Amino acid sequence: MWELKIAEGEGPYLYSTNNFVGRQFWEFNPDGGTPEEKEEIKKVRQNFKDNRKKGGFHACGDLLMRMQLMKENAIDLTSILPTRLSEGEQVNFEAVTTAVKKAVRLQRAIQAKDGHWPAENAGPLFFTPPLLIALYISGTINTILTEEHQKEMKRYFYNHQNEDGGWGFYIEGHSTMIGSALSYVALRILGEGEDGGDGAIAKARKWILDHGGASSIPSWGKVYLSVLGVYEWEGCNPLPPEFWLFPSAFPFHPAEMWCYCRTTYMPMSYLYGKRIQGPITHLVSSLRKEIHPIPFEDINWNKQRNNCCKEDYYYPHSFLQDALWHSLHYITEPIVKYWPFSKLRGRSLDRVVELMRYESEETRYMTIGCVEKSLQMMCWWAENPNGDEFKYHLARVPDYLWIAEDGMTMHSFGSQLWDCALATQAIIASNMTEEYDECLKKAHFYIRESQVKENPSGDFTQMCRQFTKGSWTFSDQDHGWTVSDCTAEALKCLLLLSNMPQEIAGEKDDNARLYEAVNVLLYMQSPVSGGFAVWEPPIPKPFLQLLNPSEVFADIVVEKE
């Protein structure tokens, strides 16, 4: 039976800034649970599957997590009888009070022991496959993922497959090539045969081939499949690592890109610059035949660089951008193979490695999110498969895996602080002190322990980072990336809790912490518009959007208010 572990961590490749407060991961215990509990889990899984077949919602109800926490907290949820109002009956004070009281008690029942509220933060279907590719090429998939992990991942993919055989960009979306090709590859990596899943694999393959084959996957998918070996780097638009050697005064310097954009293309530029490719196994050879409509060796890879399936084509390239990619592909890339330009390529790769190492260390090897996480794992395996960096990354994989009644998927990353701050404010707003018990003390503990206490180490501006002291992240302190709205919501909680009796809310916070939080928020404000950016101060350079190389995202290059 699966068990959610809270605020735990041990081993030579795990470390924390606050004793793992906020960490959440799932572990399979073959001896855990009573027969009745196992039967109940089986029932909710079947209910989800049946509802999906009837056109029901894709989203899960996080029922495995709720069942466990309700049992652990042992809070009576049945003693307050619900008030039912018939159609047209006037809403009254008593009915509303009962509903609010039940809601507060439910929040107490699903609160973790360290004070936060665990939850799934997922949905996109292109999150898990790159992780599986990284584990497959490195030969660690069966070390990191048990048989139970792999079984639940298969369940998730099958539960979210569309009727036409494909998969969407996210669980509610129409079928796309990036969702379908990556999910197909993931299931094959997980051990499903060409005719597995009661015909679901064959149906998926038909969708892929009917829509032009995997060579029409958007650019991010092209990178992932190139690393696996079922696509060729020649079919990717250039991602030159030399970009990272630009002087800071350069108008297109990567430090001025939105943090998610630069932390994604940073490891991609390494993979492209070194043309990293995993071993060509029997599975890879088979996939080359399965997901392309013509023989792999006959594909004109150069023509595939801008080939994108119409179901995926959300953000068309501009003429200027295509001209840039063509120039880099036909002129720059052939030159950097030869001395002395090859020395420049070597220096740029060294700079990317330096930046990736800094990012990994400053986030305790979680990185900013799941996209960068999988890409960095591919890079560190390529750098040194037996190196410490790769082992540190492997140790943090469980932080990204979440299981519910629909199966196991990869988080974008946790939403621990965000959920805790909003739940805390809702409970305080109820003004039902008789229902609080230890709930607010625990929440206060989590918020206090999750505030970022220090800036990134060293000269962080040279490493494309901003100051963070006094901020809160979206998840936990170890993640380390400032989020302005999370900082605002957490600060609001501390101010509200400071006005409450100590026996209800716990000890009051040092005023210095409040000042530091305000300092962060003022730093994040635009001096031009007065608005606030999310992750870093806004960059008023809309022309940088011309560099957006992604066909599936718009407005990803600069941070805006």
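Quick notes
- The conditions of being of a type outside the set (Gly, Ala, Ser), open to solvent by less than 20 Å² (accessible area, probe 1.4 Å) and touching a strand residue (DSSP E or B) at 6+ places or on another chain (Cβ under 8 Å) are not met by Met177.
- Helices (runs of 4 or more DSSP H) lying entirely in segment 137-211 (those with 1 or more residues that are of a type in the set (Lys, Arg)): 147-159, 177-189, 200-210
- Spans of helices (runs of 4 or more DSSP H) in segment 224-327 with at least 3 residues hydroxyl-bearing (Ser, Thr, Tyr) and open to solvent by 20 Å² or more (accessible area, probe 1.4 Å): none
- Looking across segment 43-77 at every residue that is closer than 24 Å to Ala103 by Cα and of a type in the set (Gly, Ala, Ser), the one that is surrounded by the fewest Cβ atoms within 10 Å (Cβ to Cβ) is identified as Ala74.
- Selection over segment 82-128 of residues that are surrounded by 15 or more Cβ atoms within 10 Å (Cβ to Cβ), assigned to a loop (DSSP other than H, G, I, E, B) and hydrophobic (A, V, I, L, M, F, W, C) gives a count of 8.
- Against the test of being hydrophobic (A, V, I, L, M, F, W, C), more than 25 Å from Asn142 (Cβ to Cβ) and free of Cβ contacts under 8 Å to residues at least 12 places away in the same chain, the options Phe246, Phe169 yield a single qualifying residue, Phe246.
- Residue count for segment 325-350 satisfying the condition of being closer than 14 Å to Asn237 by Cβ and without any contact (Cβ under 8 Å) to a residue 12 or more places away in the chain: 4.
- If the condition is being within 24 Å of Trp472 (Cα to Cα), open to solvent by 10 Å² or more (accessible area, probe 1.4 Å) and among the aliphatic types (A, V, I, L, M), then segment 328-379 contributes Met366, Val371.
- When segment 138-174 is filtered for residues that are open to solvent by less than 10 Å² (accessible area, probe 1.4 Å) and hydrophobic (A, V, I, L, M, F, W, C), the ones remaining, listed by number, are Leu145, Met153, Phe157, Trp167.
- Residue in segment 380-396 that is assigned to a loop (DSSP other than H, G, I, E, B), crowded, with 22+ Cβ neighbours inside 10 Å and at pLDDT 95 or above present: yes
- Matching entry among Val520, Val552, Val483 (being over 26 Å from Ala426 (Cα atoms) and either buried (at least 19 other Cβ atoms within 10 Å of the Cβ) or among the hydrophobic types (A, V, I, L, M, F, W, C) (or both)): Val552
The values are calculated or read from the model by the stated rules, or taken from the named source; none is laboratory data. What you are looking at is a predicted structure, and each value in this text was computed from that prediction instead of being measured. Ideal geometry is used to build each Cβ from the backbone, glycine not excepted, and the neighbour counts take in all protein chains shown. All accessible areas refer to the heavy atoms of the entire protein, side chains included, with ligands and DNA or RNA removed. Shrake-Rupley method; radii C 1.70, N 1.55, O 1.52, S 1.80 Å.
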